[in-house]
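The values are calculated or read from the model by the stated rules, or taken from the named source; none is laboratory data. Everything numeric in this text was worked out from a predicted model, so none of it was measured. Note: ideal-geometry Cβ built from the backbone for every residue, glycine included; neighbour counts use all protein chains shown. SASA here: full protein model, heavy atoms, side chains in, ligands and nucleic acids out. Shrake-Rupley method; radii C 1.70, N 1.55, O 1.52, S 1.80 Å.
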Amino acid sequence: MSYHKKIFKESELLRTWYATHKRDLPWRNIKDPYRIWISEVILQQTRVAQGLDYYNRFVGRFPDARSLAEADQKEVLKYWQGLGYYSRARNLHEAAKDIQSRFNGIFPGQYDDVLTLKGIGEYTAAAIVSFAWNQPRPVIDGNVYRVLGRLFGITTPMDTGKGKQEYRELATLLMPPDQAGVHNQAIMEFGALQCIPQNPDCEKCPLSGSCAACASGNPQQYPVKQNKTKTRNRYFHYFFIICRSHTYLHCRTGKDIWEGLYEFPLIESDVPADFAELQEKTTFTELFRETGQPAISLEIKNRKHVLSHQVLYATFYKVEIQKENAALKKYLKIPLSALDEYPFPRLVSAFLSREEK
């Protein structure tokens, strides 16, 4: 048997496995590139079980690129709330507007055109064009890295230029050009359900007879990764300020986390700080000067919230004041009844859900 025939045999085994074990999901067995795109962006950092409801809700409100393009960004972020990685929602919105202006609202059908849309990289573009039009572009996500790394026993670190090239070449070889769409879905699903990161069941694996990692006796050593992500700690101190049935918000801007989302007045510190230490800060003095006698209560202390490269520790104070000062007039003042209209980071949303109980 030639090398290419052996390679294609592995793909056939994957596709046979997929036909029996694939999950019934709303973005499967469809050819709508827009909905495939939305599903892929949602699932990049979200488990299927969690992402399913978000997907249904999002496409229910924005069923096509035109409706997404015409929406206000605040509403788009509100529908994305809870998924995290909010830059992806902003990119979806910008890309939809681009589709509207450059492609007359019709999702582009060529890989190179899809790649020009904001927020879409090689993986997402390959998924869209292969699933929608069976174009022979290999998808390489975390699941595919794991399957390929184990199947071929790749020792080159996956997070290096050389490693990425090696994985791409093997992914291309393994994919039959005339079965690109189903092959890509099969290998991704195989990595998600069968060739899992920890304790894979190699005895039930249809590829075990030719899998280098299985033969090694330690499949979890693959794929090899060179660099570990460094994280940093941040300490957020929020003030939920209430004045005559109103509260105060501000919209995060710049290139920090949560751009475009709303939050309460905040004091950030490099190290943990108790209330006495916060009182010594200029921001605290400005916030509560000439507001009467603030009634302050500690609601949540050092709630841990893990992001991809950061760990946040958030403390929430509830503050009732008698009158507004000049510093508070710089914030957005809204009725408490309008809080549901604004998109918040999950951390703040969880606090508000607690307040409602």
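Checking Asp53 against (1) more than 30 Å from Leu347 (Cβ to Cβ); (2) open to solvent by 50 Å² or more (accessible area, probe 1.4 Å); (3) of a type in the set (D, E, K, R), which single condition isn't satisfied?
(1)
Within segment 84-116, restricting attention to residues that are closer than 25 Å to Pro343 by Cα and assigned to a loop (DSSP other than H, G, I, E, B), which residue is least open to solvent (accessible area, probe 1.4 Å)? Give the steps one after another, and end with the answer.
Step one: filter segment 84-116 for residues closer than 25 Å to Pro343 by Cα, giving 84-100.
Among the residues that remain, those that are also assigned to a loop (DSSP other than H, G, I, E, B) are: 84-85.
Details: Gly84: 19, Tyr85: 89 Å².
Result: Gly84.
Got at least one residue in segment 236-252 being closer than 19 Å to Leu339 by Cα and of a type in the set (Gly, Ala, Ser)? It would help to see each step written out before you state the result.
Of segment 236-252, the ones closer than 19 Å to Leu339 by Cα are 238-252.
Filter once more, so that each one left must be of a type in the set (Gly, Ala, Ser): 245.
Yes.
Name the residues in segment 161-211 that are open to solvent by 30 Å² or more (accessible area, probe 1.4 Å) and among the hydroxyl-bearing types (Ser, Thr, Tyr), would you?
Thr172, Ser208, Ser210
Scan segment 151-195 residue by residue and report those that are farther than 26 Å from Lys31 by Cα, β-branched (Val, Ile, Thr) and out of contact with any helix residue (DSSP H, G or I) (no Cβ under 8 Å at 6 or more places or on another chain).
Selection gives Thr155, Thr160.
Checking Tyr3 against (1) more than 19 Å from the chain's Cα centre (by Cα); (2) of a type outside the set (S, T, N, Q); (3) open to solvent by less than 20 Å² (accessible area, probe 1.4 Å); (4) at pLDDT below 95, which single condition isn't satisfied?
So the condition that Tyr3 fails would be (3).
Mind telling me which of the residues Leu339, Leu332 ends up being buried (at least 17 other Cβ atoms within 10 Å of the Cβ), aliphatic (A, V, I, L, M) and in contact (Cβ under 8 Å) with a residue 40 or more places away in the chain? Can you show your working first?
Values: Leu332 fails: buried (at least 17 other Cβ atoms within 10 Å of the Cβ).
None of the other options fit; the residue is Leu339.
Return yes when Thr46 is β-branched (Val, Ile, Thr), more than 23 Å from Pro108 (Cα to Cα) and either in contact with a strand residue (DSSP E or B) (Cβ under 6 Å, 6 or more places away or on another chain) or loosely packed, with under 14 Cβ neighbours inside 10 Å (or both) and no when it is not. Explain how you work it out, then say what you get.
Working: β-branched (Val, Ile, Thr): yes; more than 23 Å from Pro108 (Cα to Cα): yes; either in contact with a strand residue (DSSP E or B) (Cβ under 6 Å, 6 or more places away or on another chain) or loosely packed, with under 14 Cβ neighbours inside 10 Å (or both): no.
Here the answer is no, as Thr46 does not meet what is asked.
Residues are listed down the side, and each one gets a yes or a no for (1) among the charged types (D, E, K, R); (2) at pLDDT below 95; (3) within 30 Å of Val224 (Cβ to Cβ); (4) not in a helix (DSSP H, G or I):
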residue	(1), (2), (3), (4)
Val59	no, no, no, no
Val76	no, no, no, no
Gly82	no, yes, no, yes
Lys118	yes, no, no, yes
Met158	no, yes, yes, yes
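Is it fair to say Lys301 is more than 30 Å from Arg90 (Cβ to Cβ) and basic (Lys, Arg)? Show your work before the answer.
Numbers: more than 30 Å from Arg90 (Cβ to Cβ): yes; basic (Lys, Arg): yes.
Yes.
Checking the conditions here, which among Gln100, Gln73 is in contact with a His (Cβ under 6 Å, 6 or more places away or on another chain) and not β-branched (Val, Ile, Thr)?
On the way: Gln100 fails: in contact with a His (Cβ under 6 Å, 6 or more places away or on another chain).
Exactly one of Gln100, Gln73 is in contact with a His (Cβ under 6 Å, 6 or more places away or on another chain) and not β-branched (Val, Ile, Thr), namely Gln73.
Give the number of residues within segment 59-70 that are within 17 Å of Leu117 (Cβ to Cβ), open to solvent by less than 60 Å² (accessible area, probe 1.4 Å) and touching a residue at least 12 places away in the same chain (Cβ under 8 Å).
So the answer is 4.
Would you mind finding the one in Ala326, Ala314 that is modelled with pLDDT of 90 or more, among the aliphatic types (A, V, I, L, M) and loosely packed, with under 11 Cβ neighbours inside 10 Å?
Ala326
Just to confirm my filter: which strands (runs of 3 or more DSSP E) fall fully inside segment 229-288 and include at least 1 residues that are basic (Lys, Arg) and open to solvent by 10 Å² or more (accessible area, probe 1.4 Å)?
The qualifying strands (runs of 3 or more DSSP E) are 232-243.
Going through segment 128-150 one residue at a time, which ones are in contact with a helix residue (DSSP H, G or I) (Cβ under 7 Å, 6 or more places away or on another chain) and in a helix (DSSP H, G or I)?
First, pick out the residues of segment 128-150 that are in contact with a helix residue (DSSP H, G or I) (Cβ under 7 Å, 6 or more places away or on another chain): 128-132, 134-141, 143-148, 150.
Ile128, Val129, Ser130, Phe131, Ala132, Asn143, Val144, Tyr145, Arg146, Val147, Leu148, Arg150, listed by residue number.
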